[in-house]
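The values are calculated or read from the model by the stated rules, or taken from the named source; none is laboratory data. Because the structure is predicted, anything quoted here is derived from the model rather than measured. Cβ placement follows ideal geometry from the backbone for every residue including glycine, while neighbour counts extend to all protein chains displayed.
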C-alpha cells in the first residue's frame, strides 16, 4: 500500500521540479533578452556609423555585421532574430559612405532580414512586419552553364519612403523605390518604382489602390499596372552584350497620362533590331496630368509593354540637372546617356545661350566624373509654338542648338564620345505636339528616330529608324481629362 503513495509523491515532486526548471529557463531567457538588447548606450553601439538615441535591437540577433556602414535613426526598434548586414562578409571595407540607412521611429519585426551591399535606404516612421526580406543584390544569370549561385551579383539601390508599411513575409527586390506612405500587402514580391500614397500587393507587386488629393481612395485597373511592372521587361536578365541606356530629360521625355512616350518608340525599335538593352534610371512613371497636384506620377501608359525606367521630370533644366547627374550615373551605371533638355532653361529660367553652354559643359564633366568612358547623345531643342510665334525666342532656340553642336564637337573624344541627335530636324510644333510643346504620337516617332539614327551611325547600335513614318493613332482625349 505504501508503494503507490510513494510513487505519487515522487511524481508530484518530479512535476514540481519540471515546473521549476521551466520557470527558471523562462526567467533566464527573459533576463537574457532584456540584458542582450543592443542600444546606443551599450559598448556595442559604438561600432555603428550612427546608432540614434532610444534605439533598441532585440536579442538574439540572427546576423549583424558591417556596423561601421550602418546608420539607424532615433527611437527605432528592431525585433529579435533580425538580420542587419552591410557588405557580403564581416570585415570588408565598403568605402566612405553608409550602405544601410534606417530612419527614425521605425519598427522592424521579428525574423526580418535587411541585407545591404551597395545602398538600402529606409525612411522615417517605416513599419516592417515580421519575416520581411529586403535586399539590394541578386545573382546574375549571364552564363547558362554556370551555377547561378556563383555568378557575379548585380546591385541596384533600394529606397523605402517615409511612413511606409511593409506587410509580413514581403520580399523587396533590388531596384525597388517606394514613395511616401506606401502600404505593401503581406507576402508581396516588390520590384520597381511606386508612387506615394498607394496600396500595392501581389507577386510581382502592382498598384491596387491609390489616394488622390480630391477623390480619396480609388481602385486601380489591374490591366495596366500588372503589365507595367513586368519584371522581365523592366529588369531584363543580363547578357554579355547588354547595354544600359539612361534617358535624361524634362516633360518631353517624361510624358503624361495616356502617352506612349518616345521612350517606348525608341525601346521598341531597338528590340526589333535585336539590341540587348536595359533602360535605367530612378523613375518609371508618367506625370499625372489629370490632377492639380505637382509631382504625382501614374502608370497609365498607352502600352505598358516596354522597359519604362528613365531619368526625366517635368520642368527640369540643365541648370539643376548638372548638379545631380553625377550621383545618378554612379547609381544607375549607364553606358549611354541620351539627353533631351534645354527648353525649360530658356523659357522658365531665362538662361541665355552662353550660360547654357557653360551649364552643358558642366553637365558632361560631372557625368564623366562618375564614369569617364560614358557615351553621350545630346538632343537638340525641339520647335515649340512659342518659338514659332515669337521671333526672339525662336532665335534663342536656334542659337542654343548651335551651342549644343559646338560643345559636342569640342568635347567629343575616343574614350567618351559626344554626338548630337538632330531631334529638331523633322519636328514641327503645329503637327507634332498636342499642346504646342509636348509631343503627340507622331512627334514621339520623330524624337525616337533621331536618337536611333545617332546610335546607329556613330556606335553601330541598332539601325536607322525607317521612313516614311507609320500612321499611329492619337492619344485618347479622355486619357488627359482633368479629374479635379
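Taken over the stretch 142-162, the criterion of being in contact with a strand residue (DSSP E or B) (Cβ under 9 Å, 6 or more places away or on another chain) and assigned to a loop (DSSP other than H, G, I, E, B) is satisfied by 151, 152, 156, 157, 161.
Test residue 411 against the criterion of being closer than 22 Å to residue 329 by Cβ, assigned by TED's automatic domain parsing to the domain that holds residue 244, crowded, with 21+ Cβ neighbours inside 10 Å and modelled with pLDDT of 95 or more, and give yes or no. No; evaluated as a whole, the condition is false for this residue. The conditions of being assigned by TED's automatic domain parsing to the domain that holds residue 318, more than 14 Å from residue 399 (Cα to Cα), in contact with a strand residue (DSSP E or B) (Cβ under 8 Å, 6 or more places away or on another chain) and crowded, with 21+ Cβ neighbours inside 10 Å are not met by residue 382. Determine, yes or no, whether residue 201 is in contact with a strand residue (DSSP E or B) (Cβ under 9 Å, 6 or more places away or on another chain), assigned to a loop (DSSP other than H, G, I, E, B) and outside the structural domain of residue 289 (by TED's automatic domain parsing). Judged against the criteria, residue 201 is not a match. Filtering 72, 57 for residues that are within 16 Å of residue 110 (Cα to Cα), in the same structural domain as residue 139 (by TED's automatic domain parsing) and either at pLDDT 85 or above or surrounded by fewer than 17 Cβ atoms within 10 Å (Cβ to Cβ) (or both) leaves a single hit, 57. Applying the set (1) part of a strand (DSSP E or B); (2) on the phi > 0 side of the Ramachandran plot to residue 462 leaves exactly one unmet item: (1).
Residue-wise test of (1) within 15 Å of residue 334 (Cα to Cα); (2) in a strand (DSSP E or B); (3) modelled with pLDDT under 95.
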{"site": "260", "(1), (2), (3)": "no, no, no"}
{"site": "265", "(1), (2), (3)": "no, no, no"}
{"site": "274", "(1), (2), (3)": "no, no, yes"}
{"site": "279", "(1), (2), (3)": "yes, yes, no"}
{"site": "291", "(1), (2), (3)": "no, no, yes"}
{"site": "295", "(1), (2), (3)": "no, no, yes"}
{"site": "302", "(1), (2), (3)": "no, no, yes"}
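Within the stretch 316-353, if we keep just the residues that are free of Cβ contacts under 8 Å to residues at least 60 places away in the same chain and out of contact with any helix residue (DSSP H, G or I) (no Cβ under 8 Å at 6 or more places or on another chain), the residue that is surrounded by the fewest Cβ atoms within 10 Å (Cβ to Cβ) turns out to be 350.
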